[in-house]
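The values are calculated or read from the model by the stated rules, or taken from the named source; none is laboratory data. Being a predicted model, the structure only gives us computed values, none of them experimental. Virtual Cβ from ideal backbone geometry, glycine too; neighbours counted across all protein chains shown. Quick note on the areas: whole protein, heavy atoms, side chains included, nothing else; ligands and nucleic acids left out. Shrake-Rupley method; radii C 1.70, N 1.55, O 1.52, S 1.80 Å.
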Amino acid sequence: MSNKSLKVNVQKELKEFDLDVNFELKKGCLGILGPSGCGKSMTLKSIAGIVDPDKGVVSLNADEETIYFDSNKKINLKPQKRNVGYLFQNYALFPNMTVEENVACGLSKDDDKKIVSDMIKRFHLEGLEKRYPRQLSGGQQQRVALARILAYGPDVILLDEPFSAMDTFLKEQLRIELANLLKGFNGFSIMVTHNRDEAFQFCDELIVLNQGKIIAKGDTYEIFENPKKVEVARLTGCKNISKIEVIDDYHLKSLDWDVTFEVSQKISNNITHIGIRAHDFSSAEKDDVNVIDARNSTLFEMPFEWEITLANGLWWKHDKLIYEHDFEVPDYIKVDPKDIILLEE
């Protein structure tokens, strides 16, 4: 397993921008996070062979190297030869086939019939074998699609926004099922999403894509903790971002909120903005470090937290205590210097 890797280095000219992605996955699940139309699905389609890149290489190194695509060597394996399972947003089930026929459709005549019954059990589809996709709920359709993919033992699973068409309750159930499934999967998986919670929950490593280019790559936790760039901070859910004016090595002024802050890291020349996550504020005394006037704030009660918008536009999320229906916004709040994220444009 340690020598296994999936290498993707592809370029393709698109109408809005040029796609240029280059990464190597050695284990676990890789997330591709980015806004709509940034090239996420096109990357998956290039790996699956649904779309041909203009140039580049896609190869799988397992027991031996399999080259899916190599523009220089003129290699371009057909999708059915790549042993890649692709879960489309709409699941792409065959409408005129029953559940068990859909699950079996990737298998050859020689494959063991037991595979289908095992998959029916594994995905809790017992009793639905003779139904057609139109007779299934969204969650059941997704389970059939996953069962079909896993039935033929793929080397790679590609998941394209797997929860986009589901209501919240169903989403939570299927998230747990999918997380367990991916943990037990011995190949590679790549999940495309624009949802930061899904990226954080499922993906060991993360790529952040914008306009066809990778703007961040690495350990998921690290990227959330230290996004480094304005757009990456935005995509990982940082609500408070401001342009700055540097005062000295450890002090700066936020131009959007008109507050002077002390930071814990030395401010390098390329820092143009700061970010503060909405949960990182706390009550303060007037003479504390990084104190902000919270008087004249707007307070909204949400089911599990209070949302406070300060007069200067800063946004604070305060977790609610159980059965707390009253909350008084303090006069002053503060942010720890180590919780201020230094960002490049």
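Would it be correct to say that Asn180 is out of contact with any Lys or Arg (no Cβ under 7 Å at 6 or more places or on another chain) and closer than 18 Å to Leu158 by Cα?
On the way: out of contact with any Lys or Arg (no Cβ under 7 Å at 6 or more places or on another chain): yes; closer than 18 Å to Leu158 by Cα: yes.
Considered against the rule, which asks whether it is out of contact with any Lys or Arg (no Cβ under 7 Å at 6 or more places or on another chain) and closer than 18 Å to Leu158 by Cα, Asn180 comes out as yes.
Please work out which residue is surrounded by the most Cβ atoms within 10 Å (Cβ to Cβ), limiting yourself to region 274-323 and to residues that are among the polar types (S, T, N, Q) and within 21 Å of Lys338 (Cβ to Cβ).
Step by step, filter region 274-323, then rank; the result is Asn290.
Return only the number of the condition from (1) open to solvent by 40 Å² or more (accessible area, probe 1.4 Å); (2) in a loop (DSSP other than H, G, I, E, B) that Ile176 does not satisfy.
Result: Ile176 passes all but (2).
Of the residues Lys40, Lys114, which is among the charged types (D, E, K, R), closer than 20 Å to Ser189 by Cβ and either surrounded by fewer than 14 Cβ atoms within 10 Å (Cβ to Cβ) or in contact with a His (Cβ under 9 Å, 6 or more places away or on another chain) (or both)?
Of Lys40, Lys114, the one residue that is among the charged types (D, E, K, R), closer than 20 Å to Ser189 by Cβ and either surrounded by fewer than 14 Cβ atoms within 10 Å (Cβ to Cβ) or in contact with a His (Cβ under 9 Å, 6 or more places away or on another chain) (or both) is Lys40.
Would it be correct to say that Leu174 is of a type in the set (A, V, I, L, M) and modelled with pLDDT under 80?
Working: of a type in the set (A, V, I, L, M): yes; modelled with pLDDT under 80: yes.
Yes; evaluated as a whole, the condition is true for this residue.
Taking the conditions exactly as written (touching a residue at least 60 places away in the same chain (Cβ under 8 Å) and open to solvent by less than 60 Å² (accessible area, probe 1.4 Å)), does Gly237 satisfy them or not? Don't jump to the end; show me each part of the working.
Numbers: touching a residue at least 60 places away in the same chain (Cβ under 8 Å): no; open to solvent by less than 60 Å² (accessible area, probe 1.4 Å): yes.
Here the answer is no, as Gly237 does not meet what is asked.
Picking from Phe300, Phe281, Phe261, which residue would you name as being touching an Asp or Glu at 6+ places or on another chain (Cβ under 9 Å) and in contact (Cβ under 8 Å) with a residue 12 or more places away in the chain?
The unique qualifying residue is Phe281.
Determine whether Ile271 is β-branched (Val, Ile, Thr) and either over 28 Å from the mean Cα position of the chain (by Cα) or more than 18 Å from Lys243 (Cα to Cα) (or both).
It is false that Ile271 is β-branched (Val, Ile, Thr) and either over 28 Å from the mean Cα position of the chain (by Cα) or more than 18 Å from Lys243 (Cα to Cα) (or both).
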